[in-house]
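For reference, the structure is listed below as structure tokens.
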Amino acid sequence: MPQQVQLQAIQYMSAMQAPQPGDAPADPAYAKQMADQLRAVGRTDVVSSGRRIDMLLEKGCDATLPRESIARHSGASLTALLAHGVLVVRCADHAIQCLQSTRDATDVLCTRK
């Protein structure tokens, strides 16, 4: 990818994870509870004091995996995560990473590693 496109992707990923004035405070305990429920998908981690949940996989990360995994393994919605201050759910494998915004279900950014 051209350097400018790479920089734009990095800036957008940062913006997705940055709290806005109307966002709920981060709830690290809730984020950990969600991460624990997502362990069936892969290794999980809570990042940025509960603002992001990471799912690390051997393979299989794609644009639909974060949202579908939340629904299937926790029963929660993106709106519920947002209400607890979680802004992004990220999956990553050896080739790709995808960031799912909790603010907008259609807002997913995938990049190759």
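The values are calculated or read from the model by the stated rules, or taken from the named source; none is laboratory data. None of the values given here were measured: they were computed from a predicted structure. Heads up, the Cβs are rebuilt from the backbone with ideal geometry, glycines too, and the neighbour counts pull from every protein chain shown.
Does ALA26 meet the test of being over 19 Å from VAL108 (Cα atoms), out of contact with any Leu (no Cβ under 6 Å at 6 or more places or on another chain) and touching a residue at least 40 places away in the same chain (Cβ under 8 Å)? Yes; evaluated as a whole, the condition is true for this residue.
Scanning the stretch 68-89 for residues that are touching a strand residue (DSSP E or B) at 6+ places or on another chain (Cβ under 7 Å), in contact (Cβ under 8 Å) with a residue 40 or more places away in the chain and not hydrophobic (A, V, I, L, M, F, W, C) yields no hits at all. Residues of the stretch 13-28 that are at pLDDT 95 or above and in contact with a helix residue (DSSP H, G or I) (Cβ under 8 Å, 6 or more places away or on another chain): ASP23, ALA24, ALA26, ASP27, PRO28.
The set of residues in the stretch 80-113 that are of a type in the set (Ser, Thr, Tyr) and modelled with pLDDT of 95 or more comprises SER101, THR102, THR106.
When SER77, SER69 are checked against the criterion of being among the hydroxyl-bearing types (Ser, Thr, Tyr), surrounded by fewer than 16 Cβ atoms within 10 Å (Cβ to Cβ), more than 23 Å from ILE10 (Cβ to Cβ) and at pLDDT 95 or above, SER77 stands alone in meeting it.
Is it the case that ALA26 is touching an Asp or Glu at 6+ places or on another chain (Cβ under 8 Å) and either among the acidic types (Asp, Glu) or surrounded by 15 or more Cβ atoms within 10 Å (Cβ to Cβ) (or both)? No.
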